[in-house]
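Heads up: the structure comes next, in structure tokens.
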Amino acid sequence: MKKYFIKVFGCAMNVADTERIAGWYEARGYRRTEKPREANEVVIVTCSVRQTAEDRVYGLINNLAKYKIPALPAGRQNTKYKIILTGCMLRYPLKYLKEKLPNVDEFVKISNFKFQNSNLHEHSSKVCALVPIMEGCNNFCSYCVVPYARGREVSRPFEEIVCEVEGLARRGYKEITLLGQNVNSYGKDFPPEEKRRFLNCFNDLNHCIKNLFATLLRTLHKIGGLEKISFLTSNPWDLDDNIIEAMALPKIDRYLHLPVQSGDDEILRKMNRHYTAEDYLKLVKKIRTKIPDIKIGTDIIVGFPGETEEQFQNTVQLCKKVGFVKAYVAMYSPRLQTAAYKLVDEISHKEKRRRWKILDDLINKNPAQNDKFLSYVR
Ligand code: SF4
């Protein structure tokens, strides 16, 4: 029997991609192995969000190349494992990747592994299933590779998601996590007639016309057997009142991941984030008024080009005001293709590290605040 091995880097979206890739192999009669040397095909799901993530991929491929030796006796087919690269590093031109990674046999865009019903394959957790609801992003934050790596927003059909979650509940899953780079804009890309279809069901055209995320949450909330619905990731400027209303439903997770990135208005503008620190604080207040027991976590970038000490301190102040339960603090790393790549990355690694530590100590040093989301650290 043929075997496959998968190594994943990066975020929860990549973990979900890994599950559908596994489903693709299982459907073709392959069996998963945890030992790459036993495999006929080795798939690497890459992350490109920071240089360190890419460096780890280069290191792994160099190691795998050393063992690219016959795995079966001579004269039989499939004597070597194939190395297949997918994920966010495929944002680079193929020619560049082929030159940089001569030991990779195939480069496959993640979009080639189409969304498929996750009831057709196993999930890495037996309790909580990851359910992608959309892919890509239209926002072009100036530091981020996602729109280049994953393309523009494409939402999965509403009924397909509902059907999938009903199936998961029937199979005994109690928790689901809805995934997308910007789940709050789920359905924004649907044509108007498709959105209008929901008018009859929900009598709520105004809400539905903007996006369908709240409608999706309300619909999934009715599915018997499900006990908890979480979602990742939300954008502050797409999180509207209708979504906040839906978030107050009892089965919706009381943890909200709401990336702020900076607490300084000028840096936020340079990051192409469409809110000010004040807007963010007002949003947090509105959410807490509606859902008093909500816990909020965030993503922050320190050392963005031009960030002064005063601007960094604005971020520290915002963090103190919000009281995040956790934060994924990243040191800025310039990424090719992004708008910020043209800016001078003049802040030293040492200084970025100092700022990183201040925020990490402030937010993450209380272990009581940590929960399952730490397993999704990039
Ligand atoms: S919203 Fe998120 S995924 Fe989209 S460009 Fe900004 S940081 Fe990247």
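The numbers here are math on the coordinates, done by the rules we state, and not lab data. A quick note: this is a predicted structure, and the numbers were derived from the prediction, not measured. Cβ coordinates were reconstructed from backbone atoms using ideal geometry, including for glycine residues, and neighbour counts include every protein chain displayed.
Computed from backbone phi with θ = phi - 60° and the Karplus coefficients 6.51, -1.76 and 1.60, the 3J(HN,Hα) list for segment 181-193 is 5, 8, 4, 5, 9, 3, x, 4, 7, 5, x, x, 5 Hz; x is used for glycine and proline.
Once backbone amide H atoms are built at 1.01 Å from N, Tyr255 has Lys295 as its partners under 5 Å, excluding neighbours fewer than 5 places away on the same chain.
Computed over the alpha-carbon pairs of the chain, the distance histogram in 20 Å steps reads 26, 57, 17, 0 percent, short to long. Starting from the Cα gyration tensor of segment 3-111, take the square roots of the eigenvalues, sort them a ≥ b ≥ c, and report rounded, prolate or oblate (rounded when a/c is under 1.5, otherwise prolate if a/b is larger than b/c, else oblate). Taking the square roots of the gyration eigenvalues as a ≥ b ≥ c, segment 3-111 is oblate. Database remark: amide H of Lys2 closer than 5 angstrom to the amide H of Arg31 (H placed geometrically; neighbours at sequence offset of 5 or more, or on other chains; Pro and chain starts carry no H).
Quick one: putting +1 on the C-beta of Lys and Arg, -1 on the C-beta of Asp and Glu, what dipole do you get for the chain around its Cα centre, in Debye to the nearest 20?
Once rounded to the nearest 20, the dipole reads 1180 debye.
A simple rule links phi to the HN-Hα coupling: the Karplus curve 6.51 cos²θ - 1.76 cosθ + 1.60 with θ = phi - 60°, which for segment 348-359 gives 5, 4, 4, 5, 4, 4, 4, 5, 4, 5, 4, 6 Hz, with x for Gly and Pro.
Rounded to the nearest 500, what is the chain's calculated 222 nm mean residue ellipticity when only DSSP H runs of at least 4 contribute -39500 (n - 2.57) each, over all residues? Working shown, then result.
On the way: 13 runs with 140 residues, N = 378.
It comes out at -11000 deg cm²/dmol, rounded to the nearest 500.
Note on the chain: GNM, Cα springs under 10 Å; of Val42, Val322, Val57, the largest mean-square fluctuation is that of Val322.
Tell me whether segment 222-378 comes out rounded, prolate or oblate; compute the Cα gyration tensor, take square roots of the eigenvalues as a ≥ b ≥ c, and use a/c under 1.5 as the rounded threshold. Prolate, because a/c is 1.5 or more and a/b exceeds b/c. Extending 7 Å from the Cα toward the beta-carbon at both Arg288 and Ala339 defines two label points whose distance is 3.1 nm.
Filter the cross-link list Lys188/Lys286; Lys295/Lys321; Lys109/Lys195; Lys222/Lys326 down to pairs whose alpha-carbon distance in this structure exceeds 18 Å. Numbers along the way, then the final one.
On the way: Lys188/Lys286 23 Å; Lys295/Lys321 13 Å; Lys109/Lys195 29 Å; Lys222/Lys326 30 Å.
The answer is Lys188/Lys286; Lys109/Lys195; Lys222/Lys326.
Computed from backbone phi, the HN-Hα couplings of segment 275-285 come to 7, 9, 4, 5, 4, 4, 5, 5, 4, 4, 4 Hz, rounded to whole numbers (Karplus: 6.51 cos²θ - 1.76 cosθ + 1.60, θ = phi - 60°; Gly and Pro given as x).
A cut-off of 5 Å between modelled amide H atoms, ignoring neighbours fewer than 5 places along the same chain, links Ala327 with Thr298.
Each Cα pair under 8 Å and six or more residues apart adds its separation to the average, and for the chain the resulting relative contact order is 13 percent.
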